[in-house]
Amino acid sequence: MTAAVVALSGGVGGAKLALGLARVLEEAQLTVIVNTGDDFNHLGLAISPDLDTLVYTLAGLADPVQGWGRRDETWTFMSALEQLGGETWFRLGDADLAMHVERTQRLAAGETLSAVTDRLRRQLGIAARILPMSDDPVRTRLETDAGWLDFQDYFVRRRCAPRVRRLAFLGADTARPLPAVMTALSSEDLRAVVICPSNPFLSIEPILAIPAIRAALSDCRAPVIAVSPVIGGQAVRGPTTKIMRELGLGSGAADVARGYADLLDVFVMDEIDAATVVPAGVEVVSAPILMTSLEDRERLAGVVLAAADRVAARQN
C-alpha cells in the first residue's frame, strides 16, 4: 500500500496539483488540508470557495476553463437577482447554489464544517480526504491603501487592485486544528507533506498561521516539499507577485522559498528559474511546473513524490 501524503492547498493552483497527486497515488492515501480564511457569508449562504474548488476538482466537476465553480454552469439565478437590484459582484452559478444551500442548512443544524465537507466529498465519490484547516473560523483581512478589507472584498469585488500593506488572519491564534489534521501530520506512515502552488500569503499562510499546524510541520518526520507558484518572476495565477512586491519581499521563486525556508526540505521551481539561489539547507528541484493539462498535473505530482522519496532515503 502506498504511504500517506498530506497536501496543503488553497483553490485553483493547489487543486491542480492535488488532482495530480490523487491520480498517481492510491487516492485514499491523499489528505488535503484546505484554507478556510476565504470563507464568508453571502446572500445568507455559507460560502467556502477553496473547499468547493477542491471538491469539484477531485470529483471531476470543476469548470475546465476557470478552474473554479462547476463545469457547464448556468446563471439564471444571477440574472434574476440583477433584475431585482441584488448583489451580483460574487457570482453563484445555478448548480453551485446547491453546494452552498446544503452546507448552510447542515451548519445551521449543528454540524461542523469538517463533517459537512466529509459528507459532500463522499457523496460525490471522492476517496481522498478533504479537511478544512479548522472548524473554528479564521478570516483573512488585508490592510490596503483603501483601508482594511475582507478577503472577498479585496479579491473579487475590487479585483485585487488596492495596494496591500499587511495581512491579518483573524482567529488563527486561537483556532484549533482538526484532530484529523494533526493525526495526518504526525502519522508514522507519512510519505511527504506537499505545499501546493497556491498563493503563499492568501492561501497557505492562513493555514500556517494556526500555531499547532505550523508546529506540527516543523516537527514533521516526513519530507516537506513546496512547489513554486511563481515562474520567471510572474505569478502563474492571481496576485501573488503583486502582493510580494507591495510587501517589499521581491517577486521571484527564491523569495517564495525564503518564506517557507524554516519548514522545507525541498523547493520545486520551474526550469526557467533553475539558477535561482534559495536558502541554505533547502534542496532545489527544477522541472516544468506549469500545469495546463491532466498529464502536466500527474507529471508534476511524480516529480514531487520522487523528490520526497530521495530525501527520505538519505535520512534513513
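Values quoted throughout were computed directly from the atomic coordinates according to the rules given, and no laboratory measurement underlies them. All values derive from a computational prediction rather than experimental measurement. All Cβ positions, glycine included, derive from the backbone under ideal geometry; neighbour counts span all protein chains shown.
Restricting attention to region 1-92, which trypsin sites (Lys or Arg not before Pro) occupy a DSSP loop and are surrounded by at most 15 other Cβ atoms within 10 Å?
R71, R91
If you keep only loop residues by DSSP, which GluC sites (Glu not before Pro) in region 96-194 have at most 15 other Cβ atoms within 10 Å of their Cβ?
E188
According to a simple spin-label model (label point 7 Å from Cα along Cα-to-Cβ), what is the distance in nm between R158 and E188?
Here the answer is 5.1 nm between the modelled labels.
Restricted to Cα positions, what overall size does region 135-252 have along the principal axes? Three whole-Å values, descending.
46, 34, 21
At q = 0.19, 0.24, 0.25 Å⁻¹, what is the base-10 log of I(q)/I(0) for region 90-161 according to the Debye formula with one equal point scatterer per Cα and no solvent? Please give it to two decimals.
Reported log10 I(q)/I(0), two decimals: -0.96, -1.09, -1.11.
Remind me, relative contact order of the chain in percent, using alpha carbon pairs under 8 angstrom and six or more residues apart?
The value is 19 percent.
Length gain on complete extension for the stretch W75 to Q315, per 0.36 nm per residue less the alpha carbon to alpha carbon distance?
Stretched fully, the W75-Q315 segment lengthens by 81.1 nm.
Please give the length that would be gained between V101 and W148 if that part of the chain were fully extended, namely 0.36 nm times their separation in residues minus their C-alpha to C-alpha distance (nm, one decimal).
Going from the current span to full extension adds 14.0 nm.
What does DSSP give for the chain in terms of the percent of beta bridges that are antiparallel, rounded to the nearest 5?
40
When a footprinting reagent is the concern and you count Cβ atoms within 10 Å, what order do S198, S134, S186 take, fewest first?
S186, S134, S198
For L19, what is the net charge nearby, where nearby means another residue's Cβ is under 11 Å from its Cβ and Lys, Arg count +1, Asp, Glu -1?
Net local charge, L19 excluded: 0.
Just subtract the alpha-carbon distance of N41 and V65 from 0.36 nm times their residue separation and send over the number in nm, one decimal.
That works out to 6.1 nm of additional length.
What ranking of C196, C220 emerges when the number of other C-beta atoms within 10 Å of each C-beta is taken as an exposure proxy, fewest first?
Result, fewest neighbours first: C220, C196.
Viscosity 0.692 mPa s, temperature 37 °C: what is the translational diffusion coefficient of region 1-154 from Stokes-Einstein with a Kirkwood Rh over Cα pairs, rounded to a whole number of µm²/s?
For these conditions, the coefficient is 201 µm²/s.
Could you list the chymotrypsin sites (Phe, Trp or Tyr not before Pro) in region 47-106 that lie in coil according to DSSP, counting only those with at most 13 other Cβ atoms within 10 Å of their Cβ?
Within region 47-106, the qualifying chymotrypsin sites (Phe, Trp or Tyr not before Pro) (loop, at most 13 other Cβ atoms within 10 Å) are W89.
Sorted by average packing, counted as other Cβ atoms within 10 angstrom per residue and highest first, what order do 176-183, 270-277 take?
176-183, 270-277
State the antiparallel share, in %, of DSSP beta bridges confined to region 128-286, rounding to the nearest 5.
55
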